[in-house]
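Note sheet for the following structure.
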């Protein structure tokens, strides 16, 4: 299965070959896979060095000169380390860039918390001109990037290492629009990025307990598609968010905002509360945090016990 | 020495109750020299593609930039009068989205120079011959991004980029090991040391710089005096961010007359 990072390289080649304004700067990652782009677009690829704040700041200067910059490195280094540059040099100066990270929340599970990033989506969401995407398959990244890269925005793409495995209809992939993956009646599961796989794998476990879930998939966190959420929750009255994002400011907050007008809705959240200490594979850490089919079932049993057929 | 520009700086700071007079006096001769002798620009079309760029990275010295922008027609005398007021466009740090001729919104130190670096790279990618000047403080050279950028600028051979350092000894108050010329040379920049208040020194240096799309970037280390021109403002003391009273403004005016 193609990795999103490889799709990133292929998309840069595709878009950069057609648009001479595209310039890619990296902080010494993905250097090898970007060589086809570098060869096809001479003078528009820079492995700048290990200096992320300066790379983001340079992107502002590149954009001021009329170019469309892409900055690429690991999530905590691009968003958290260089946040003041994003805030001031892009935000305050009203300049544009495409920031594309890898590593997601804890894809580098074996490397420890220095390579984790839980607050990137939250931090980027503070800017009115920002758009935030968490695609979970190569097809989504390619489609979304081409839709928005030259829109005079600050676009942030959090690329996940692991594909959710759902073959989405290309015509459904629209920036700012959620996708209703499965219709259901009892509960709305809202998820993003790789965690769509957990939600899909949870379906038979939930059905075995007599629960028919509706699954909404958000590749775009900002702007958040409030209407799709509202429609679903009005029907089900129960929402669970499953997200590799900070519990303090992830899609759960957007769900609350979307549904506050309905009243009587019951909520459950599976997210990241604090540093994920310790080591292990991505799957190990997901299991520990209940970001798994079994974790979804466990949290539904504790938060929505009345939905279980055995309790009806 | 530009006494009239200094008088105006003191007046607008006194009027608005905001500003850094000594930091502005430190750099006003350099900025005025660049606009008068070096930079290509059109004040009626501040975003002209072929213009040269001047970025003030030490944004707190912006009163010096404002009076020069007014002198060369980018902004009006009324804009200066409204400095620091809600109805105006000029504040305690420059905002490029509001001020014609301000090429970067600075304030937090260490940002204008990397912006200039990206701008220089972007213009080179497009084969444009604009020159890019960026003025930063010696204290600002404590910031890591300055040296990240110095490293990248030299390695990218950005011969269209000129850093100007206001070496007014602010930095040495904190970190006395302060040999800026040696450091910029060590990073691979063509480095000159001049008197930042001397037109003669600037005449000997700036017009002779060789700008190119591929070459060594330049660093002009300007020895300056914080508060230059008014005895009681000179040096590193209480005047860094102090607003003069009416009597003190009168004294400033007298010393500059």
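The values are calculated or read from the model by the stated rules, or taken from the named source; none is laboratory data. Note that the coordinates shown come from a computational prediction; the quantities given were computed from them, not determined experimentally. All Cβ positions, even for glycine, are placed from backbone atoms using ideal geometry, and neighbour counts span all protein chains on display.
Could you list, in sequence order, the residues of region B:135-144 that are within 20 Å of residue B:102 (Cβ to Cβ) and either assigned to a helix (DSSP H, G or I) or within 14 Å of another protein chain (Cβ to nearest Cβ) (or both)?
B:136, B:140
Looking at this structure, is residue A:94 modelled with pLDDT under 95 and either assigned by TED's automatic domain parsing to the domain that holds residue A:273 or at positive phi (or both)?
no
From B:64, B:150, B:120, which residue is more than 13 Å from every other protein chain (Cβ to nearest Cβ), modelled with pLDDT of 95 or more, outside any loop (DSSP other than H, G, I, E, B) and in contact with a strand residue (DSSP E or B) (Cβ under 9 Å, 6 or more places away or on another chain)?
Testing whether each residue is more than 13 Å from every other protein chain (Cβ to nearest Cβ), modelled with pLDDT of 95 or more, outside any loop (DSSP other than H, G, I, E, B) and in contact with a strand residue (DSSP E or B) (Cβ under 9 Å, 6 or more places away or on another chain) leaves just B:64.
Is it the case that some residue within region A:49-68 is part of a loop (DSSP other than H, G, I, E, B), more than 14 Å from chain B (Cβ to nearest Cβ) and either touching a helix residue (DSSP H, G or I) at 6+ places or on another chain (Cβ under 6 Å) or closer than 27 Å to residue B:112 by Cβ (or both)?
No, region A:49-68 has no match at all.
Considering each of A:185, A:142 in turn, give the residue that is under 25 Å from residue A:24 (Cβ atoms) and surrounded by fewer than 21 Cβ atoms within 10 Å (Cβ to Cβ).
A:142
Which residues, taken from region A:77-90, are more than 10 Å from every other protein chain (Cβ to nearest Cβ) and in contact (Cβ under 8 Å) with a residue 40 or more places away in the chain?
Matches in region A:77-90: A:77, A:78, A:79, A:80, A:83, A:86, A:90.
Please verify whether residue B:120 is surrounded by 24 or more Cβ atoms within 10 Å (Cβ to Cβ) and within 16 Å of the chain's Cα centre (by Cα), treating the condition exactly as stated.
No, not satisfied.
What are the residues in region A:127-139 that are in a loop (DSSP other than H, G, I, E, B) and either touching a helix residue (DSSP H, G or I) at 6+ places or on another chain (Cβ under 8 Å) or closer than 22 Å to residue A:169 by Cβ (or both), if any?
Of everything in region A:127-139, those that are in a loop (DSSP other than H, G, I, E, B) and either touching a helix residue (DSSP H, G or I) at 6+ places or on another chain (Cβ under 8 Å) or closer than 22 Å to residue A:169 by Cβ (or both) turn out to be A:127, A:129, A:134, A:135, A:136, A:137.
Of these, A:44, A:21, which one is in contact with a strand residue (DSSP E or B) (Cβ under 8 Å, 6 or more places away or on another chain), within 12 Å of chain B (Cβ to nearest Cβ), surrounded by fewer than 24 Cβ atoms within 10 Å (Cβ to Cβ) and more than 22 Å from residue B:155 (Cα to Cα)?
Going through A:44, A:21 in turn, just one is in contact with a strand residue (DSSP E or B) (Cβ under 8 Å, 6 or more places away or on another chain), within 12 Å of chain B (Cβ to nearest Cβ), surrounded by fewer than 24 Cβ atoms within 10 Å (Cβ to Cβ) and more than 22 Å from residue B:155 (Cα to Cα): A:21.
So, in region B:79-102, how many residues would count as being facing chain A (nearest Cβ under 8 Å) and closer than 12 Å to residue B:55 by Cβ?
Number of matching residues: 1.
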